[in-house]
1. Just checking, which of Trp303, Trp276 is touching a Cys at 6+ places or on another chain (Cβ under 9 Å) and not acidic (Asp, Glu)?
2. Quick one: which residue in Ser218, Ser209, Ser173, Ser179 is under 16 Å from the mean Cα position of the chain (by Cα) and among the hydroxyl-bearing types (Ser, Thr, Tyr)?
3. Every residue in the stretch 181-207 that is surrounded by fewer than 22 Cβ atoms within 10 Å (Cβ to Cβ), more than 27 Å from Ala323 (Cα to Cα), in contact (Cβ under 8 Å) with a residue 24 or more places away in the chain and out of contact with any Cys (no Cβ under 9 Å at 6 or more places or on another chain), please.
4. Assess whether Ser218 counts as being closer than 30 Å to Ser243 by Cβ, buried (at least 16 other Cβ atoms within 10 Å of the Cβ) and at pLDDT below 95.
5. For the stretch 268-290, how many residues meet the condition of being under 14 Å from the mean Cα position of the chain (by Cα) and aromatic (Phe, Trp, Tyr)?
6. Where residues in the stretch 291-313 are over 18 Å from Cys256 (Cβ atoms) and either without any contact (Cβ under 8 Å) to a residue 40 or more places away in the chain or over 13 Å from the mean Cα position of the chain (by Cα) (or both), which of them is surrounded by the fewest Cβ atoms within 10 Å (Cβ to Cβ)?
7. Looking at (1) farther than 25 Å from Cys299 by Cα; (2) under 23 Å from the mean Cα position of the chain (by Cα), which is the one condition that is false for Phe142?
8. Does the stretch 120-127 contain any residue that is farther than 19 Å from Gly304 by Cα and at pLDDT below 95?
Amino acid sequence: MIRPFVAWCFAALVGSPIAQATDPLPSFNVDLSESSVSGLSSGAYMAGQFHVAFSAHLIGAAIIAGGPYHCADGQLTTALSRCMQTGFGAPDPSELLDKAESFAQTGAIDALANLTDDRVYIFSGTEDHTVTQSVVDKTVAFYRLLGLPEASIRYVDDRPAGHAFVTENQGPSCGTTNSPFINDCDYDQAGDLFQHIYGPLDPPSETPSGQLIEFDQSAFLANPKRHGLNDTGFIYLPTDCASGAACRVHIAFHGCKQTTELIGDQFRTKTGYRRWADANDIIVLFPEAHATLSNPNSCWDWWGYDDPNYATKSGRQMRAVHAMLLRLAGMSPPVSNCEERTAANWQHWQAGRASLCAWWWFCAVGSGDQLGLAWATTTLFETGNGQFNANGCDP
């Protein structure tokens, strides 16, 4: 047994491995082939890489203040110098397309041909000095190189907006770049992106009548906070969808510093997503990121702070959110072959494959198999559901 005071101190330093009890994510009558994604800032990068990686399930994306796919190339310095500002050169869409093609050839992402009939909304404010327009311009160029026709790409670059999600009447003045990063620009961005992706829609609800539902994200990634994902996420569920109507899913990724812990429910309630979703039978999935030592601003993993495979289907955060999408449609993630991983137990713990189950005594996440002391070397097997055990490939 762990001594209570020692356990409390250890949990305070590294984060408790036990998630708070929250309801599981339910399933509904979802048309998976009508799914789409959007995001701001780090959420824009996450939306872009999710769109490219899981294109078989998506029909469109909205990228607000974000650069092209795999821009950071797994390097924080590149993320800061090339993918936000361009003092050291702008992203090269041709090189990034080559990278995407190499991923597609190995199956790390879906076939790029899936993207050619998608619709993409891209936004950059003229007062955005965080992710400059010269970076966002390259996102447009990347999608053109993928073969999307001009009519499928909507690029809004003439609004005097700071680094923010913009609205008709919510938040501070349009040119502001400050928390909560939701600005009043007399412009309905949620409506514009939804209608570009889905075509003509019914007018938005004045007062949304659906529900905001909190759900357990740890069901999709073990020890989520260790990997930049919060224990809980949210969905907005329109009344008709709750009653069994056929509905679509839109995934909305918040930006850095926009988590519930920092701005409450403003990203979900003030951006306009709910009003349009409510009137048009669209379930909105709001996954939640979390701060870590390597990610103090609660950003999404778009440069590899948690996983070198961050921009592919096997990336931890990517795989978790995709599993959420599948769960909403009543489906399970595909089962893959187990992967063998040998390391010291403390390394397994750092990677999220093991949890502390006694004083410096570790157990496999998933099966609970005892592994031994921190410095012991153990072979773990990652199963198709993302859990780990020490006894072979069967979960």
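The values are calculated or read from the model by the stated rules, or taken from the named source; none is laboratory data. Treat the numbers as computed from the prediction; the structure is a model and nothing was measured. Don't worry about glycine lacking a Cβ; one is built from the backbone with ideal geometry, like all the others, and counts go over all protein chains shown.
1. Exactly one of Trp303, Trp276 is touching a Cys at 6+ places or on another chain (Cβ under 9 Å) and not acidic (Asp, Glu), namely Trp303.
2. Details: Ser209 fails: under 16 Å from the mean Cα position of the chain (by Cα); Ser173 fails: under 16 Å from the mean Cα position of the chain (by Cα); Ser179 fails: under 16 Å from the mean Cα position of the chain (by Cα).
Going through Ser218, Ser209, Ser173, Ser179 in turn, just one is under 16 Å from the mean Cα position of the chain (by Cα) and among the hydroxyl-bearing types (Ser, Thr, Tyr): Ser218.
3. So in the stretch 181-207, the residues surrounded by fewer than 22 Cβ atoms within 10 Å (Cβ to Cβ) come out as 184, 186-188, 191-192, 195-196, 198-207.
With the extra rule that they be more than 27 Å from Ala323 (Cα to Cα), the set shrinks to 184, 186-188, 192, 200-207.
Those left that are additionally in contact (Cβ under 8 Å) with a residue 24 or more places away in the chain: 187-188, 192, 201-206.
Selection gives Asp188, Asp192, Leu201, Asp202, Pro203, Pro204, Ser205, Glu206.
4. yes
5. 1
6. In this case the residue turns out to be Pro308.
7. (1)
8. Scanning the stretch 120-127 turns up no residue that is farther than 19 Å from Gly304 by Cα and at pLDDT below 95.
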